[in-house]
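Colleague: The structure follows.
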Amino acid sequence: MTITKAVIPVAGLGTRFLPATLAVSKVMIPIVDRPSIHYAIEELHQAGITEVIFIISPDQKSIKDYFQPRPDIETLLQNRGETELLKNIRSIQNLVSINFVTQKSPLGLGHAILQSKKLIGDQAFAVLLPDDLIFGNESTTSEMIKIFYQNPGIILAAKKVKDEMISKLGIIDPLNINGNQIHVKSVIEKPDLENAPSNIAIIGRYILPKEIFAKLESIQPGALGEIQLTDAIDSLMTELPCVAYQFTSDHFDIGTPVGLVKASVYQSLTREHMSEDVSSWIKTIPLLNED
Ligand code: UTP
């Protein structure tokens, strides 16, 4: 079975980016010159995904604009000879086919994923949370799909986190660790530090079998009163094996302002036309050089 479909849920409230999110969706805030969903689509395309389903809230219709052709701007850029910019804006439109499903209220990540059931149909699929930005030579989703083909079941991306992050994330209880792959016994959403089974957290990439939908339909609200994807995965683990993949690429949690700043600096240092300027400026920032 080939994995060709992916879900990108973006219907959360984005409270950590207030007041900006009063007027703009968190996923449209740019990292250098493109929003997080642009990087997300590129990662999925590199993984062979051909169909992406966005889960949006009722007031996020403007996200659709990002994928609409803009003949007026294209003509303008063509007339100005801005071929590089023209290539950039056209590239994202043709990478994958895109559908939108509305989540009427933000009842949790699990509830958001459930909204994609009809469009996913009878097959395994990928989930990518654009708050977790991963920069690397190979797409992390692609690496996880390869693991899925060897071990059909549930595949999670994972990373060791600091103690203060544990009560904010889904945490893995490992059965055994084999290189960068962990066979998972159970997962728990937002545990207290003293009850946490490890310091290994689930990061926003999942390969999920179709059986997840039945679990999402039957579980009760969990942490924060939301339908939690982690709870549905934990329940499914009694029937199917689960592997957590400790990826090695650079990861930024851009669901927080500090993560967004770090990702923006990192990304700017990879861009040929700005890296020198940014890196020499960083060394001279007055605030860093005060006694
Ligand atoms: P988070 O809870 O981490 O982010 O959801 P948030 O709700 O967007 O932002 P804060 O916490 O208020 O700052 C993780 C992912 O799940 C999506 C979010 O959009 C984000 O991509 N999500 C969450 C939904 O699509 N629907 C929901 O009901 C909840």
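Colleague: Only sites in a loop by DSSP and with at most 16 other Cβ atoms within 10 Å count here; which GluC sites (Glu not before Pro) in segment 49-124 make the cut?
Modeller: Glu82
Colleague: Rounded to the nearest 10 degrees, what's the angle between the helix 36-46 long axis and the longest principal axis of the chain, both from Cα atoms, 0 to 90?
Modeller: Helix 36-46 sits at roughly 70 degrees to that axis.
Colleague: Of Ile212, Leu109, Ser25, whose Cα points farthest to the positive end of the dipole of the chain (charges on the beta-carbon: +1 Lys, Arg; -1 Asp, Glu; origin at the Cα centre)?
Modeller: Result: Ile212.
Colleague: With both partners inside the chain, how many of the DSSP beta bridges are antiparallel, as a percent to the nearest 5?
Modeller: 60 percent
Colleague: Using a cut-off of 19 Å between alpha-carbon atoms, which lysines can reach Lys159, once sequence neighbours fewer than 8 places away in the same chain are excluded?
Modeller: Lys146, Lys168, Lys185, Lys190, Lys262
Colleague: Shifting gears a bit: Roughly how many whole Å is it from the C-alpha centroid of segment 1-27 to that of segment 231-280?
Modeller: When both Cα centres are located, 15 Å separates them.
Colleague: Whole-Hz Karplus ³J(HN,Hα) for segment 148-165, in order, using 6.51 cos²θ - 1.76 cosθ + 1.60 and θ = phi - 60°, x for Gly and Pro?
Modeller: Running phi through 6.51 cos²θ - 1.76 cosθ + 1.60 with θ = phi - 60° gives 4, 4, 7, 10, x, x, 10, 10, 10, 8, 9, 7, 5, 10, 6, 3, 5, 8 Hz.
Colleague: Next question, about the same structure. What net charge is computed for the residues neighbouring Gly121, neighbours being all others with C-beta under 10 Å from the C-beta of Gly121, Lys and Arg scored +1, Asp and Glu -1?
Modeller: Here the count lands on +3.
Colleague: To make sure I understand the rule: partners must be lysines, Cα under 21 Å from the Cα of Lys117, and not fewer than 8 residues away in the same chain. Which ones qualify?
Modeller: Qualifying lysines at Cα under 21 Å: Lys5, Lys61, Lys64, Lys104, Lys210, Lys215.
Colleague: While we're looking at this one, here's another question. Work out the length of the dipole vector of segment 77-192 about its Cα centre, built from +1 on the beta-carbon of each Lys and Arg and -1 on the beta-carbon of each Asp and Glu, and round it to the nearest 20 debye. Working shown, then result.
Modeller: Details: 13 positive and 12 negative charges, 61 e Å.
Dipole magnitude for segment 77-192 comes out near 300 debye.
Colleague: Assign unit charges at the C-beta atoms only (+1 for Lys and Arg, -1 for Asp and Glu), then state the dipole size of segment 177-291 relative to its Cα centre in Debye, rounded to the nearest 20.
Modeller: Roughly 300 debye, rounded to the nearest 20.
Colleague: Looking at segment 136-188, which GluC sites (Glu not before Pro) are DSSP coil and have at most 15 other C-beta atoms within 10 Å of their C-beta?
Modeller: Here the sparse-neighbourhood loop sites are Glu138.
Colleague: Farthest toward the dipole's positive end in the chain, which of Met165, Met144, Thr256, given Cβ charges of +1 (Lys, Arg) and -1 (Asp, Glu) about the Cα centre?
Modeller: Met144
Colleague: Here is a follow-up. Rounded to the nearest 500, what is the 222 nm mean residue ellipticity of the chain from helices alone, with -39500 (n - 2.57) per DSSP H run of 4+ residues and division by all residues?
Modeller: When only DSSP H runs of four or more count, the value is -9000 deg cm²/dmol.
Colleague: What per residue convex hull volume, in Å³, do the alpha-carbon atoms of the chain yield?
Modeller: Here the figure is 162 Å³ per residue.
Colleague: Would you mind finding the longest exposed-site-free stretch of the chain, with exposed trypsin sites (Lys or Arg not before Pro) meaning DSSP loop and at most 15 other Cβ atoms within 10 Å?
Modeller: By the stated rule (loop sites, at most 15 other Cβ atoms within 10 Å), 1-103.
FYI, it's all coordinate maths here, none of it is from the lab. What you see is a predicted model, and the numbers here were worked out from it, not measured in a lab. Neighbour counts run over all protein chains shown; Cβ positions are idealised from the backbone, glycine included.
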